[in-house]
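Inspection log for the structure reproduced underneath, given as structure tokens.
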Amino acid sequence: MRSDPFGGRYLFHLHTTYTDGEVPVAAYFEWGRRAGLDRLIFLEHIRTKPSYDVRAFIAEVKHAARTYGLPARVGFEAKLLPGGALDISPEHAAQADVLGLAEHGFPPDFDLWHASLRTALANGARQVAERPVVWVHPGLWLKRQGLLAAHEQEYRALLAEAQTLGIKLEWNLRYDLVPVALRGALPPGSLVIGADAHRLTDAEVALTALGAENAEGPPASI
């Protein structure tokens with residue numbers, strides 16, 4: 001496995017002007033260096049046929065990391081497709097330091113969502129030896145469909161299954177998922193804090209949450 005990117009003062013799940021973020025790559029580094037961060041972990045949106053130059057994005061992150069003296073990792077947030085595949089090419093998945101599994105844009109069919117997600121988790125488990133795999137904003141599809149309470153039992157089982165398979169869970173600050181009522185039941189170190197940042201104010205919120213997490217015990221890590 002590649003070295004663990006989580007731990008200490010990290011900032012995870014950053015979106016840039018390459019997709020729907022408002023923050024250029026360099027601006028995250030300027031902010032992160034002033035904030036005393038240990039590393040940045042980008043998790044940019046991607047599709048099998050991306051709308052942006054992925055090679056240029058990776059090169060810009062690596063160049064900025066050298067320029068600002070702030071380590072960084074490049075990750076991608078890939079959407080769940082019916083059947084369990086992720087919307088990312090094998091080439092780009094292989095280039096990711098972190099792979100994010102996102103299920104929120106799925107068709108409105110619970111049984112299909114559930115079966116496809118379980119397949120994606122099983123597939124992701126085969127990648128964790130090469131790179132961390134994180135289920136990001138877990139359960140956002142259920143939340144948007146208004147089904148989170150009705151299917152809480154199945155949701156809890158999926159969270160447990162992800163952990164068993166070595167896939168980590170994001171405490172997504174934008175959507176407050178995993179919900180606070182369930183976070184306390186998760187094993188220590190099973191969550192990573194995700195800014196889901198589209199602007200620098202999102203990064204500031206994440207830094208506050210990370211500080212509180214570190215004050216209570218070891219940093220969330222994978």
- Bin width 5 Å, alpha-carbon pairs only: give the P(r) of the chain as whole percents, running from 0 to the bin holding the largest distance. 1, 7, 16, 20, 21, 17, 11, 5, 1, 0
- Query: Going by alpha carbons, how many degrees (0 to 90, nearest 10) lie between the helix axis of 152-164 and the longest principal axis of the chain?
  - Reply: 50
- Looking at the chain, send over the antiparallel percent of its DSSP beta bridges, to the nearest 5. 5
- Task: Any chance you could give the angle, 0 to 90 degrees and rounded to 10, that helix 25-34 forms with the longest Cα principal axis of the chain?
- Result: 70
- Message: What does the net charge come to around Trp141 if you take all other residues with beta carbon closer than 11 Å to its beta carbon, with K and R at +1 and D and E at -1?
- Response: +1
- Given 117-128, 36-47, the highest-first ranking by average Cβ count within 10 Å works out to 36-47, 117-128
- Query: Taking Cα atoms, how many degrees apart are the long axis of helix 110-125 and the longest axis of the chain, rounded to 10 and kept between 0 and 90?
  - Reply: 50
- Query: So how far apart, in nm, are the two label points at Glu204 and Asp111 if each is 7 Å from Cα heading toward Cβ?
  - Reply: 4.9
- Item | Residue-averaged 222 nm ellipticity for the chain, from DSSP H runs of 4+ at -39500 (n - 2.57), nearest 500 | -12000 deg cm²/dmol
- Task: Enter the accessible area per residue of the chain (Å², integer; probe 1.4 Å; all protein chains in place).
- Result: 44
- Message: Straight-line reach only, C-alpha to C-alpha below 23 angstrom: list the lysines that Lys143 could link to, leaving out same-chain residues fewer than 8 apart.
- Response: Lys79, Lys168
- Query: Using modelled amide H (1.01 Å from N, peptide plane; none on Pro or chain starts), what sits under 5 Å from the amide H of Leu177, excluding residues fewer than 5 places away?
  - Reply: Asn172
- Query: Ignoring ligands, DNA and RNA, what percent of the accessible area of the chain is carbon or sulfur (1.4 Å)?
  - Reply: 53
- To the nearest 20 debye, what charge dipole does the chain have about its Cα centre, counting +1 at the Cβ of each Lys and Arg and -1 at the Cβ of each Asp and Glu? 420
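The values are calculated or read from the model by the stated rules, or taken from the named source; none is laboratory data. Owing to the predicted nature of the structure, the values given are computational and were not obtained by experimental measurement. Because the Cβ atoms are built from the backbone with ideal geometry, glycine has one as well, and the counts that use them run over all protein chains shown. Accessible surface is based on the protein model in full, side chains and every heavy atom, while ligands, DNA and RNA are left aside. Shrake-Rupley method; radii C 1.70, N 1.55, O 1.52, S 1.80 Å.
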